[in-house]
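The values are calculated or read from the model by the stated rules, or taken from the named source; none is laboratory data. Just so it is clear, the structure is predicted and the values come from calculations on it, not from any experiment. Neighbour counts are summed over all protein chains in view; Cβ atoms, including those assigned to glycine, are modelled from backbone coordinates with ideal geometry. Note: accessible area is taken over every heavy atom of the protein model, side chains too, but ligands, DNA and RNA are not part of it. Shrake-Rupley method; radii C 1.70, N 1.55, O 1.52, S 1.80 Å.
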Amino acid sequence: MKRYLAILAATVLVIVAGVAGLAWLVDPYAYWNAPVIEGVNRYRPAAGKHMLPVKLRQYERMQPNTLVAGNSRVYVGIDPESSVWPSEMQPVYNLGLPSVGMRNLVQAVETALFTHQPRALFVGLDFINFTVEKADWRKGGPVVLPPRPDVTERAALAAKLLLSLDALTDTAGALVEQHSASPETLTPAGFYGIGKYPAIIAEEGHAGLFRQRNRENLEYYLAGPKRVRWGPEQNPEFDALEDLVQTAKTRRIALTLFTYPYHADLLLSFQKAGLWPAYEDWLRDLAAFSARTGILTYMFTRVDEVTGEAVPEDGDTKTQMRWYWEAGHFKPALGDRMVLIMNTSLDDRLVLTPDNVEARIGELRDGLAAYGKLHPEAVRRIDAAFEDASR
């Protein structure tokens, strides 16, 4: 009997070790940094299930000179391994976190700084993260950081990533994904890359992607708050951002802020959802914040031949847009242009200040009106998305 139990225990141990070893090698979450083997673990499709701990682990491992942070627009659009980054700023890590708000983003950045201090920090700012309900107006103040994970918490996470049923399922899924024509992954530098976009475009075209994202955006905008101000106090999201500014100054980290180059469809969606007055107020508040804190803010939001890039017609699955996947997410080619501007020259036309903010707002109004006249199909596209979202 004892011999039988010993054999059984040894068998279970071998099976558990084998499952854990396979999960470690395939590493579907991009957590373990196992050696890359083509056809086995080149792509890490399940990283999104544990995005924050995975990215904090990658950041700690890389110890980069530069950190670029933001939401999914950074995650998809700014390539940390692009050659446009100056050599002295490399390596660069991408702490883009999909669906993250300003306060949680600041918390993630400051948590990362527990383990390593970069020389430079670039942070993308999304207008919609600063809209606020009246009931939440006074809920600002400093960002509360979580305690550093202890040995027990790290062990629990390791067990979840190696020995859970989800880990087994995700490992099997990752092995299949290695042979996908358009695989999802998370690079060791925190970048999403092109992911599933090519496969979706090959099936639906850019028009289908724009239609879906415009509807989703408008549903969110219509259901959410429509203001960024409810009194003389500072917006609570600016409280969080100010906390990051003070951290950067204390640690002597060069901090740069930037707004995203929204496609004109997104700006039309702001108008259609009744958010345009709040958007203008946000730009004014952002300009004042930048001047008061002394932090450069690059305003990449404009209406021109890039952000007004024409969307292919319905059914066109061949034409590839140069700058955008859909209205919410720009391609790395546009991200490279942003990186070059922020790192090679001080372009006064793009730096937002109290002196130029009204002119910039006027340019946006005029540019968007001209875009609507030049592209009536875009106005119809937003009107249709609005009708769908309103249902």
Since Pro236 meets every condition but one in (1) over 24 Å from Leu340 (Cα atoms); (2) of a type outside the set (D, E, K, R); (3) touching a helix residue (DSSP H, G or I) at 6+ places or on another chain (Cβ under 6 Å), which condition does it not meet?
(3)
When you scan the range 17-67, how many residues do you find that are without any contact (Cβ under 8 Å) to a residue 24 or more places away in the chain, among the hydrophobic types (A, V, I, L, M, F, W, C) and under 16 Å from Gln178 (Cβ atoms)?
4
Please go through (1) part of a loop (DSSP other than H, G, I, E, B); (2) closer than 30 Å to Leu165 by Cα; (3) under 19 Å from the mean Cα position of the chain (by Cα); (4) hydrophobic (A, V, I, L, M, F, W, C) for Ala34 and return the number of the only condition it doesn't satisfy.
(3)
When the residues of the range 187-203 are filtered to those that are closer than 16 Å to Tyr31 by Cβ and small (Gly, Ala, Ser), which remaining residue is surrounded by the most Cβ atoms within 10 Å (Cβ to Cβ)?
Gly190
Does Leu145 meet the test of being aliphatic (A, V, I, L, M), modelled with pLDDT of 95 or more and either open to solvent by 70 Å² or more (accessible area, probe 1.4 Å) or not in a helix (DSSP H, G or I) (or both)?
no
Residue in the range 252-282 that is most open to solvent (accessible area, probe 1.4 Å), counting only those that are among the small types (Gly, Ala, Ser) and outside any helix (DSSP H, G or I):
Ala254
Note down all Cβ pairs under 6 Å where the first residue falls in the range 181-198 and is touching a residue at least 40 places away in the same chain (Cβ under 8 Å), the second is small (Gly, Ala, Ser) and part of a loop (DSSP other than H, G, I, E, B), and they're at least six residues apart or on different chains.
Glu184/Gly195; Leu186/Ala30
Residues that are closer than 25 Å to Leu286 by Cβ and of a type in the set (Gly, Ala, Ser): list the helices (runs of 4 or more DSSP H) wholly contained in the range 328-391 that include at least 1 such residues.
332-344, 357-374
Within the range 147-168, how many residues turn out to be more than 23 Å from Ala108 (Cβ to Cβ) and within 26 Å of the chain's Cα centre (by Cα)?
1
Filter the range 1-51 for residues that are among the small types (Gly, Ala, Ser) and at pLDDT below 85 and give the result.
Ala6, Ala9, Ala10, Ala17, Gly18
Based on this model, can you work out whether Lys249 counts as open to solvent by 60 Å² or more (accessible area, probe 1.4 Å) and either closer than 26 Å to Tyr93 by Cβ or assigned to a helix (DSSP H, G or I) (or both)?
yes
Being in contact with a helix residue (DSSP H, G or I) (Cβ under 9 Å, 6 or more places away or on another chain), under 23 Å from Gly77 (Cβ atoms), open to solvent by 40 Å² or more (accessible area, probe 1.4 Å) and not in a helix (DSSP H, G or I) narrows it down to one residue among Thr307, Thr319, Thr301; which is it?
Thr319
Considering only the range 242-255, how many residues are within 30 Å of Lys331 (Cβ to Cβ) and out of contact with any helix residue (DSSP H, G or I) (no Cβ under 6 Å at 6 or more places or on another chain)?
3
